[in-house]
Structure formats: structure tokens, C-alpha cells
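In what follows, a structure is listed as C-alpha cells, so that the remarks can point back to it.
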Amino acid sequence: MRKIDATEITATVARLCIDACHELPADVIQAFHEAERKEISPFGKSVLIKLIDNDRIAREKNVPYCHDTGLTIVYAEVGQDVHIVGGDYQEAIQAGVRKGYTEGYMRKSVVTDPLLRVKSKDNTPAVLHTEIVPGAGIRLTVMPKGGGSENWGTMKFLLPGEGAQGVKAFVLSAIKAAGGSACPPLTVGVGIGGSFDKVTEIAKKALLRDIGVHHQSAHIAALEAELLEAINRTGIGTQGYGGVSTAIWVAVESYACHITALPVAVNIQCHAARRKTAVI
């Protein structure tokens with residue numbers, strides 16, 4: 001049994017919050033470069049160049065890439081041979097978010113009650129997903145999720161007979177509804193299967209996958225490629241200015257489901273596709 005102090009969890013989460021908001025992942029920047037080379041719209045090309053430059057400025061000046069530093073989503077894979085000491089695990093996570101957003105001078109966007117709309121003033125509580133896994137370590141991933149893209153997430157229970165064509169039609173309808181409001185170029189997470197709660201969970205988790213990494217199942221990988229091509233044929237383009245770069249990637253995750261159901265969920269990520277991981 002390995003002991004990990006709660007203060008180490010807090011410090012790690014705080015660092016991940018700051019780093020995630022200041023530095024886009026390398027695969028996202030590479031995707032911007034590739035999109036810029038292919039883009040046929042002068043406005044779209046100009047936006048992509050500005051996004052690449054914006055990332056450079058954020059890194060050099062140690063400031064957030066986007067002013068909307070998001071609702072903090074934390075994924076924790078906790079080894080079953082870990083014993084957390086010196087404090088409460090969940091509070092350690094929340095304390096890390098509080099510390100990161102305060103010390104990083106990042107915008108606090110969380111309200112404590114969805115109807116009363118009173119700000120928490122420290123960006124907590126974060127949304128925490130914990131999975132118990134084999135091992136004696138803790139893998140933490142922070143995904144700051146901006147409101148402009150998150151607000152366009154959607155799900156639907158299709159009839160099983162609608163199959164892959166029904167899935168594609170639903171995903172495309174979600175992208176068209178979002179248009180330029182979700183701040184493209186997008187990364188699109190799609191969940192298929194499971195239950196009402198599971199399908200939305202895997203749609204968001206799909207966004208953690210590196211751009212360019214397809215699903216291990218051939219038919220799902222083919223669906224990802226078909227969806228990406230179809231989305232980029234919509235003509236929405238970067239920031240809605242038109243062109244062929246509406247999305248830079250589509251990641252699909254699937255799960256077993258009831259014989260009567262075909263649940264589908266779409267979770268959209270904007271161009272600020274922020275995520276950062278550390279292992280304790």
C-alpha cells in the first residue's frame with residue numbers, strides 16, 4: 001500500500017489547472033497548422049494563423065489562451081493500492097482547483113446554484129470523475145471546459161434500426177445547430193451506447209483522446225473519419241467564417257446498451273481544446 005498525501009494531490013491539480021489554461025496540447029497546435037495549409041477560405045486561414053499566434057503569446061507571457069477558463073473537469077484514475085493520507089480526497093481536488101485559479105489569476109466562471117446564479121468566486125466546485133484502477137499511483141487529468149462549446153452538447157435516444165446513418169445524421173444536426181457559436185475549429189466527442197448518464201460521460205471523455213488517434217475498433221474508426229469529412233463539408237468553417245476547417249478531429253467512444261436503445265451524445269470542444277495530465 002502506497003501512501004499519498006492529500007497536499008500533493010492539491011498541488012498537482014493546481015499546477016494542471018494553470019498549465020492547461022496557458023498551453024494548448026501539441027497535437028491541437030499541429031492540427032491548426034495542418035488545417036491552415038488545407039483551408040480555402042481567406043478568412044478561415046487568417047483565423048487559424050491568429051489561433052497559432054495566440055497560443056505562442058499565451059506561452060510567452062504566461063497568460064490564459066482564452067479568457068473563458070472554463071468549468072473545471074477533473075478525471076482521476078486512482079490506484080487500488082493507494083492510501084490517501086493527510087486529508088479528504090475530494091476536498092484535495094477542489095482545493096487544487098481553488099488554488100490554481102486564484103494563483104493563476106484566471107477567470108472564475110462557476111455559480112454555486114444554477115438558478116440563483118451566485119458566483120463561487122474560486123471556480124469550484126469542479127466536476128470530478130474518479131475511476132479505481134490497478135496500481136499504486138494517481139493519474140490526474142484537468143480539462144477546463146468553456147461555456148461557448150459546452151452549451152451545445154446534446155443527446156438523443158435513437159431507435160436501434162436507425163443505426164450508423166442515424167448516428168451520423170444526429171451528430172451533423174448538432175454541429176449545424178451550433179454553427180459558429182461553439183467557436184470552431186472544433187474537436188467533437190461522440191458517445192454511442194450505454195444509458196442516459198453513461199453516453200454523455202463517454203462523449204466528453206472522448207475529447208481526452210489525442211488528435212489523430214482513432215478508436216481501436218475498425219467500424220468506429222471508420223465512423224470517426226466519415227463524421228470528420230461530413231462536418232467539414234458543412235461550410236461552417238473557423239469561427240463561422242466559412243471554409244473546410246469546421247472540425248479538426250472527431251473521437252467516438254462506444255459502450256454496451258439495452259436491446260431497445262441506441263443512445264447517442266455529442267460533446268463539442270471549441271478551438272481552446274485544453275487538457276493536461278500528471279501522474280503522482
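The values are calculated or read from the model by the stated rules, or taken from the named source; none is laboratory data. Please read these numbers as outputs of a predicted model, since none were measured by experiment. Every residue, glycine among them, receives a Cβ derived from its backbone with ideal geometry; neighbour counts consider all protein chains shown.
Among the residues of segment 98-119, is any within 14 Å of A6 (Cβ to Cβ), surrounded by 15 or more Cβ atoms within 10 Å (Cβ to Cβ) and in contact (Cβ under 8 Å) with a residue 12 or more places away in the chain? Yes: one or more hits. In segment 28-46, the qualifying residues are those that are crowded, with 17+ Cβ neighbours inside 10 Å and touching a Gly at 6+ places or on another chain (Cβ under 9 Å), and the one that is farthest from I211 (Cα to Cα) is S41. Please go through segment 59-88 and pick out each residue that is more than 18 Å from V142 (Cα to Cα) and of a type in the set (A, V, I, L, M). V82, I84, V85 - these are the residues of segment 59-88 that are more than 18 Å from V142 (Cα to Cα) and of a type in the set (A, V, I, L, M).
Going by the structure shown, is D81 assigned by TED's automatic domain parsing to the domain that holds R139 and surrounded by fewer than 20 Cβ atoms within 10 Å (Cβ to Cβ)? Judged against the criteria, D81 is a match. Among residues of segment 198-232 being under 27 Å from L71 (Cα atoms) and exposed (fewer than 15 other Cβ atoms within 10 Å of the Cβ), the one that is nearest to the chain's Cα centre (by Cα) is D210.
Table: residues versus (1) farther than 20 Å from G189 by Cα; (2) in contact with a Phe, Trp or Tyr (Cβ under 8 Å, 6 or more places away or on another chain); (3) basic (K, R); (4) modelled with pLDDT of 95 or more.
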position	(1), (2), (3), (4)
D122	yes, yes, no, yes
I132	yes, no, no, yes
G135	yes, no, no, yes
N151	no, no, no, yes
